Amino acid sequence: MTTYRDRAEAGRVLAERLNALVGEPDAVVLGLVRGGVPVARVVAERLGAPLDVLVVRKLGMPWAREVAFGALGPGGVQVLNDAIASRLSSDDIAEVSQREQVELERRERLYRGGRPQLDLAGRVAVIVDDGLATGATARAAVEVVRRLGARRVVVAVPVGAQEAYELLAAEADQVVCAQRPPDFGAVSVYYDDFHEVSDDEVVDALTATA
């Protein structure tokens with residue numbers, strides 16, 4: 001098992017796996033908010049591609065929020081992991097979804113900062129996160145960018161669970177995952193520094209690469 005010093009180092013490792021996209025004029029790197037943005041910032045710089053953000057909210061179990069039963073994305077996209085969501089009542093799902101929808105809309109307003117909505121028509125969308133656990137958030141992201149017109153969807157992560165990787169491989173055009181440990185555990189295990197990324201850090205990344 002290899003650990004990354006921080007998300008920036010993970011981004012450098014990941015960028016090496018994406019060399020084929022260097023010089024791709026239609027490529028746009030989309031950091032999943034919030035933890036994926038510092039990784040995506042480095043990837044975008046190395047590829048010479050524009051950076052933007054994609055706000056997708058994990059839907060966590062009421063008694064264990066770190067366990068995702070699905071995810072929400074802009075435009076009313078909802079993806080459920082049926083095997084986990086089946087343990088919840090429709091009221092539980094609705095309550096969590098409503099709460100996360102409010103936060104999704106807040107972040108959209110903050111991070112877009114008056115910039116227009118994403119226009120991905122004909123683009124190669126490179127969705128970057130800091131890790132892939134259940135895959136629910138990334139699956140929602142794939143559906144969002146397809147609805148926004150992306151002609152090709154690439155999901156890129158420094159580390160991920162094999163099961164989640166296989167789920168994404170069936171939905172994205174390409175999945176690039178630098179590590180797929182057999183006993184995955186949690187994403188945080190693979191980082192020495194896995195601090196909670198702040199709103200300011202996201203805004204700074206977007207401003208620096210604008």
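The values are calculated or read from the model by the stated rules, or taken from the named source; none is laboratory data. For clarity, every value in this text was computed on a predicted model and none was experimentally measured. Positions of Cβ are generated from backbone atoms using ideal geometry, with glycine treated the same way; all protein chains shown enter the neighbour counts. Side chains are part of the model used for accessible areas, which takes the heavy atoms of the whole protein and leaves out ligands, DNA and RNA. Shrake-Rupley method; radii C 1.70, N 1.55, O 1.52, S 1.80 Å.
Observations
- Which of A141, A164, S97, positive extreme of dipole for the chain (C-beta unit charges): A141
- Local net charge near R123, Cβ-Cβ under 14 Å (Lys/Arg +1, Asp/Glu -1): -1
- Net charge over other residues, Cβ less than 15 angstrom from the Cβ of R139 (K, R count +1; D, E count -1): -3
- Summed side-chain charge close to Y111 - residues other than Y111 whose Cβ falls under 15 Å, Lys, Arg +1, Asp, Glu -1: 0
- Take the chain with all the other protein chains still there, run a 1.4 Å probe, and you get 46 Å² of accessible area per residue.
- Loop chymotrypsin sites (Phe, Trp or Tyr not before Pro), the stretch 1-87 (other Cβ atoms within 10 Å of the site Cβ: 11 or fewer; DSSP): W63
- Using a simple spin-label model with pseudo-atoms 7 Å out from Cα toward Cβ, R180 and D6 lie 3.0 nm apart.
- The gain in end-to-end length when the V22 to R109 segment is fully stretched comes to 28.3 nm, 0.36 nm per residue minus the alpha carbon separation.
- J(HN,Hα) series, the stretch 176-182, from Karplus relation 6.51 cos²θ - 1.76 cosθ + 1.60, nearest Hz, glycine and proline x: 10, 9, 5, 9, 10, x, x
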